[in-house]
Amino acid sequence: MELTIRDDGIRLSAVLEEPEGAENCPLVIVLHGFTSAKDRPHTLLAAEAMRDAGCATLRFDLYGHGESDGEFRKHTLFKWINNTLAVIDFARERGYQDLYLSGHSQGGLVAALAGGMEADRIRGLILRAPAFMIPQGARDGELLGYAFDPEHIPDTVPVIKGLDLDGNYIRVAQTIHAEEAADRFRGPVLILHGDEDDTVPWEESQRMAQRYRDCELNVMHGETHHFDRHPEEMQRIIREWMKKRV
Ligand code: FER
């Protein structure tokens, strides 16, 4: 079912999918990554695995991405966190109480941050290649290979050819500490990370996995940032982990 969820004035485009014959099932809210959208193949496959385990899924486009409102260059981690809090409120108003957050890369980081804020409402986290290093990169002056002076932030940050970010993206990211969010979260966490991910090093997931109280880390051999080498293995790991909780 296609939905529009409002985060104040911003319209977020979302898709709610419920598994066959399941009532009172858990709901997983699924976040995509930087420059991505809710309907990319690996995100569809991850959501499918969650439904196979008996969960409903709510995929949505974050600010400045996909079919949601907002300009790409104006997106920040704060806006993405706010979007996620609005989607959690929406899910609760719909009667879903057993809520999980899942995200890929930058969406994985945001799922972890929102999970720390809503530790009393979010049962568990499923993070795929979470980009835990963005805040430190912003403080050190390096994002996606683009170098800048972290104390004199440029107005425009050309992180990817043809795609500019506003300097406020960096200003926001510099203030964020994912470690605190991990310390606040009490539920179970599943992290999947490919050891051939050349966008986000898997060692970041290892460092954060040690920080969570209850975390299963799957370092997938030969897998890339977009889980396109062994998608069935990614699905199997998610399905098995989720099945234990439904
Ligand atoms: C960065 C590393 C990773 C970054 C963004 C990402 C803007 C996000 C990747 C993704 O979501 O796929 O330095 O800076």
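Which of the residues belonging to the range 226-239 are in a helix (DSSP H, G or I) and in contact with a helix residue (DSSP H, G or I) (Cβ under 9 Å, 6 or more places away or on another chain)? Let's see the steps before the verdict.
Our first condition is that a residue be in a helix (DSSP H, G or I); within the range 226-239, this holds for 231-239.
Listed by number, the residues that qualify are P231, E232, M234, Q235, R236, I237, I238, R239.
Does the range 79-88 hold any residues that are more than 22 Å from E48 (Cα to Cα) and either within 14 Å of the ligand (Cβ to nearest atom) or not aliphatic (A, V, I, L, M) (or both), and which are they?
The answer is K79, W80, N82, N83.
Picking from H226, H221, H230, which residue would you name as being open to solvent by 50 Å² or more (accessible area, probe 1.4 Å), within 16 Å of the ligand (Cβ to nearest atom) and not β-branched (V, I, T)? I'd like the intermediate steps shown before the answer.
Details: H221 fails: within 16 Å of the ligand (Cβ to nearest atom); H230 fails: within 16 Å of the ligand (Cβ to nearest atom).
The conditions single out H226.
Could we say that Q97 is of a type in the set (S, T, N, Q) and within 13 Å of the ligand (Cβ to nearest atom) here?
For Q97, the condition - of a type in the set (S, T, N, Q) and within 13 Å of the ligand (Cβ to nearest atom) - is not met.
Kindly indicate the residue of the range 12-34 that is over 24 Å from V189 (Cβ atoms), surrounded by 15 or more Cβ atoms within 10 Å (Cβ to Cβ) and not hydrophobic (A, V, I, L, M, F, W, C) and also farthest from the chain's Cα centre (by Cα) among those meeting that condition.
Restricting to residues being over 24 Å from V189 (Cβ atoms), surrounded by 15 or more Cβ atoms within 10 Å (Cβ to Cβ) and not hydrophobic (A, V, I, L, M, F, W, C), the top hit is E18.
On the basis of being within 14 Å of the ligand (Cβ to nearest atom), under 23 Å from D69 (Cβ atoms) and surrounded by 17 or more Cβ atoms within 10 Å (Cβ to Cβ), does A91 make the cut?
Against the criterion (within 14 Å of the ligand (Cβ to nearest atom), under 23 Å from D69 (Cβ atoms) and surrounded by 17 or more Cβ atoms within 10 Å (Cβ to Cβ)), A91 does not qualify.
Tell me the residue from L85, L45, L12, L77 that is aliphatic (A, V, I, L, M), touching a Pro at 6+ places or on another chain (Cβ under 6 Å) and closer than 26 Å to F132 by Cβ, please.
Values: L85 fails: touching a Pro at 6+ places or on another chain (Cβ under 6 Å); L12 fails: touching a Pro at 6+ places or on another chain (Cβ under 6 Å); L77 fails: touching a Pro at 6+ places or on another chain (Cβ under 6 Å).
So the residue among L85, L45, L12, L77 that is aliphatic (A, V, I, L, M), touching a Pro at 6+ places or on another chain (Cβ under 6 Å) and closer than 26 Å to F132 by Cβ is L45.
Here is a list: G64, G107, G33, G70. Which entry is touching a Gly at 6+ places or on another chain (Cβ under 7 Å), under 27 Å from A173 (Cβ atoms) and without any contact (Cβ under 8 Å) to a residue 24 or more places away in the chain?
G64
Filter the range 36-61 down to the residues that are in contact (Cβ under 8 Å) with a residue 40 or more places away in the chain, open to solvent by less than 10 Å² (accessible area, probe 1.4 Å) and within 16 Å of the ligand (Cβ to nearest atom), then identify the one that is nearest to I237 (Cα to Cα).
Filtering the range 36-61 for residues that are in contact (Cβ under 8 Å) with a residue 40 or more places away in the chain, open to solvent by less than 10 Å² (accessible area, probe 1.4 Å) and within 16 Å of the ligand (Cβ to nearest atom), the one nearest to I237 (Cα to Cα) comes out as A46.
In the range 102-142, what residues are in a helix (DSSP H, G or I), more than 9 Å from the ligand (Cβ to nearest atom) and open to solvent by less than 10 Å² (accessible area, probe 1.4 Å)? Before you say what the answer is, go through the steps one by one.
Start the filter on the range 102-142 by keeping residues that are in a helix (DSSP H, G or I), which leaves 106-117, 134-140.
With the extra rule that they be more than 9 Å from the ligand (Cβ to nearest atom), the set shrinks to 110-117, 135-136, 139-140.
Listed by number, the residues that qualify are V110, A111, A112, A114, G115, G116, P135.
Being touching a strand residue (DSSP E or B) at 6+ places or on another chain (Cβ under 9 Å) and crowded, with 16+ Cβ neighbours inside 10 Å is true for just one of A182, A178. Which residue is that?
From the options A182, A178, the qualifying one is A182.
Just to be sure I understand, how many residues within the range 152-176 are assigned to a loop (DSSP other than H, G, I, E, B) and within 11 Å of the ligand (Cβ to nearest atom)?
Residues that pass the stated criteria total 0.
For (1) farther than 30 Å from E18 by Cα; (2) without any contact (Cβ under 8 Å) to a residue 60 or more places away in the chain, each residue gets a yes or a no:
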residue: I176; (1), (2): yes, no
residue: E179; (1), (2): yes, yes
residue: G187; (1), (2): no, no
residue: V200; (1), (2): yes, no
residue: E204; (1), (2): yes, no
residue: L217; (1), (2): no, yes
residue: M220; (1), (2): no, yes
residue: Q235; (1), (2): no, no
residue: R239; (1), (2): no, no
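The values are calculated or read from the model by the stated rules, or taken from the named source; none is laboratory data. In this text, all values refer to a predicted model and were calculated from it rather than measured experimentally. As a convention, Cβ positions derive from the backbone with ideal geometry for all residues, glycine included, and neighbour counts pool all protein chains shown. The protein model used for the area step is the full one, side chains on, heavy atoms only, and it has no ligands, DNA or RNA in it. Shrake-Rupley method; radii C 1.70, N 1.55, O 1.52, S 1.80 Å.
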